[in-house]
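Enquirer: First the structure, then my questions, so here it is.
The values are calculated or read from the model by the stated rules, or taken from the named source; none is laboratory data. Since we're looking at a predicted model, the values are computed, not measured. Here the Cβ positions follow ideal geometry from the backbone for every residue, glycine too, while neighbour counts run over all protein chains shown.
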Amino acid sequence: MNRLTVNVLNIAIAAALATGLAACNRNADAGVSGASADAGASASADAGVKYAKVVSVDPIRSTVNNPKQVCHDETVTHSEPPKDQHRIAGTAIGAVVGGLLGNQVGGGKGRTLATVAGAVGGGYAGNRIQASRQQAQVSTSVERKCDTVNNTSNKIVGYDVRYVYNGVTRTVRMDHDPGDRVQVQEGVTAVSDAR
């Protein structure tokens, strides 16, 4: 190789290296400025978000009553009065038998009196005999009895949240427990899940 060729090659290599280094420097500068721009945007976004310290969270409860029916089986005894409650049949049969027996005694007016007395006594005796033998018909059945009972339960319907922001204690009602802190914007509480 001659000297001229070597010099041309050296110049070409040097030019390529210089171009590559310049490109690398530009990319590095762009990366640094992009990173600083991202950091600035993040810092400015975080700078706008403000949090207040939660002092206490008190659940708000509501009592709800859902009545329900409670049923159970119960054995019930039914008593039906006898068909002939006044015991007419026993009285009538007793009066007829007593009258016939009384008619057999004496004669004339004594016979009539004995017949009447026999009928009255027989009627009374027949009534008492039927009463001692006659019983009410008793039956049992199982009936379903139901009662309505109260079924109360406590349900959490919200939370009273006390928080401190800029040295001032405030209270806000929220639909959930926010944890240790709440996000605030311009004095208005915003829901935060930060714990």
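Enquirer: Just for the stretch 123-144: of the residues that are charged (D, E, K, R) and not in a helix (DSSP H, G or I), which one is farthest from Ala95 (Cα to Cα)?
Expert: Looking at the filtered set, the residue picked out is Arg144.
Enquirer: For the stretch 75-91, indicate whether the set of residues that are closer than 30 Å to Asn150 by Cβ and either modelled with pLDDT of 80 or more or part of a helix (DSSP H, G or I) (or both) is non-empty.
Expert: Yes; the residues of the stretch 75-91 include at least one that is closer than 30 Å to Asn150 by Cβ and either modelled with pLDDT of 80 or more or part of a helix (DSSP H, G or I) (or both).
Enquirer: Of Val120, Val116, Val96, Val105, which residue is part of a loop (DSSP other than H, G, I, E, B) and farther than 30 Å from Ser79 by Cβ?
Expert: Within the list Val120, Val116, Val96, Val105, the selection yields Val105.
For (1) surrounded by fewer than 10 Cβ atoms within 10 Å (Cβ to Cβ); (2) on the phi > 0 side of the Ramachandran plot, each residue gets a yes or a no:
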| site | (1), (2) |
| --- | --- |
| Gln104 | no, no |
| Gly108 | yes, yes |
| Thr115 | no, no |
| Gly118 | no, no |
| Gly123 | no, no |
| Ala131 | no, no |
| Arg144 | yes, no |
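Enquirer: Which of the following residues is more than 28 Å from Lys50 (Cβ to Cβ) and in contact with a Gly (Cβ under 6 Å, 6 or more places away or on another chain): Gly110, Gly121?
Expert: From the options Gly110, Gly121, the qualifying one is Gly121.
Enquirer: Still on this structure, I have one more. Does the stretch 159-181 include one or more residues that are of a type in the set (A, V, I, L, M), in contact (Cβ under 8 Å) with a residue 60 or more places away in the chain and assigned by TED's automatic domain parsing to the domain that holds Pro59?
Expert: Looking for residues that are of a type in the set (A, V, I, L, M), in contact (Cβ under 8 Å) with a residue 60 or more places away in the chain and assigned by TED's automatic domain parsing to the domain that holds Pro59, one finds at least one in the stretch 159-181, hence yes.
Enquirer: Search the stretch 154-187 for residues being of a type in the set (Gly, Ala, Ser) and surrounded by 10 or more Cβ atoms within 10 Å (Cβ to Cβ), and hand back the single one that is modelled with the lowest pLDDT.
Expert: The residue in question is Gly187.
Enquirer: Among the residues of the stretch 28-71, what is the count of those that are among the hydrophobic types (A, V, I, L, M, F, W, C), modelled with pLDDT under 50 and under 26 Å from Asp180 (Cβ atoms)?
Expert: 2
Enquirer: Then there's this: When the residues of the stretch 103-151 are narrowed to those that are modelled with pLDDT of 85 or more and hydroxyl-bearing (Ser, Thr, Tyr), which ends up farthest from Asp177 (Cα to Cα)?
Expert: Filtering the stretch 103-151 for residues that are modelled with pLDDT of 85 or more and hydroxyl-bearing (Ser, Thr, Tyr), the one farthest from Asp177 (Cα to Cα) comes out as Thr140.
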